[in-house]
Amino acid sequence: QLQLVESGGGLVQAGGSLRLSCAASGRTFGRYAMGWFRQAPGKEREFVAAVTWSGANTRYADSVKGRFTISRDNAKNTVYVQMNSLKPEDTAVYYCAAGPVSIVADVKDYPYWGQGTQVTVSS
């Protein structure tokens, strides 16, 4: 099993920034591709960003491209997403996830999930 714990969520004004962290424990963190997803009230969980096990390759949803940056530190068993120029439509619960397949965007390809952290962007 791989346990994931997100942190760093909160309330921020539009145009502001937040950095979310996801700390992993259990199995070997460095073997997994890592993703960030989000879910707004009444909506399905959607892909935000993903990074390969090495950190060399990343993938982003069009809605966050140019504003969000995903990164990982395998020595610290942690993955991050730096979120800049936040918009009210970014408001959601953000989840990190781990999967053995390289930077895919489908929820079903990630067997391990954290509990989520709330991000609220006020206008």
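The values are calculated or read from the model by the stated rules, or taken from the named source; none is laboratory data. Just so it is clear, the model here is predicted, and its values are computed rather than measured. Cβ: placed from backbone, ideal geometry, glycine included. Neighbour counts: every protein chain shown. We work out accessible area using only protein heavy atoms, side chains counted, and drop any ligands, DNA or RNA first. Shrake-Rupley method; radii C 1.70, N 1.55, O 1.52, S 1.80 Å.
Tabulated values for the structure
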quantity: Dipole magnitude of the chain about its Cα centre (Cβ charges: Lys, Arg +1; Asp, Glu -1), debye to nearest 20; calculated: 220
quantity: In order through segment 18-25: 3J(HN,Hα) via Karplus (6.51 cos²θ - 1.76 cosθ + 1.60), integer Hz, x for Gly, Pro; calculated: 9, 10, 8, 10, 9, 9, 10, 8
quantity: Sequence of VAL79, VAL107 when ordered by accessible area, the most exposed leading, probe 1.4 angstrom; calculated: VAL107, VAL79
quantity: Accessible surface, per residue, of the chain when the full set of protein chains is kept, probe 1.4 Å, Å²; calculated: 50
quantity: ASP109 accessible area, assembled protein chains, probe 1.4 Å, Å²; calculated: 50
quantity: Computed over segment 1-97: relative contact order in percent, which uses C-alpha pairs under 8 Å that are six or more apart; calculated: 35
quantity: Sum of side-chain charges, LYS43 neighbourhood, beta-carbon under 14 Å (Lys, Arg +1; Asp, Glu -1); calculated: -2
quantity: Label-point separation in nm, SER122 to ARG19, each point 7 Å along Cα→Cβ; calculated: 2.4
quantity: Nearest-10 value in Å² for the accessible area of LYS43, using the 1.4 Å probe; calculated: 140
quantity: Carbon plus sulfur fraction of accessible area for the chain, probe 1.4 Å, in percent; calculated: 47
quantity: Estimated inter-spin distance, GLN82 and LYS43, nm [label 7 Å along Cα→Cβ]; calculated: 2.4
quantity: Coarse-grained scattering of the chain at q = 0.16, 0.21 Å⁻¹, given as base-10 log I(q)/I(0) from a Debye sum over alpha-carbon atoms; calculated: -0.67, -1.16
quantity: Centre separation in Å (Cα based) which lies between segment 74-123 and segment 16-53; calculated: 3
quantity: Where VAL51, VAL104 fall by accessible area, highest first, once all protein chains stay in place (1.4 Å); calculated: VAL104, VAL51
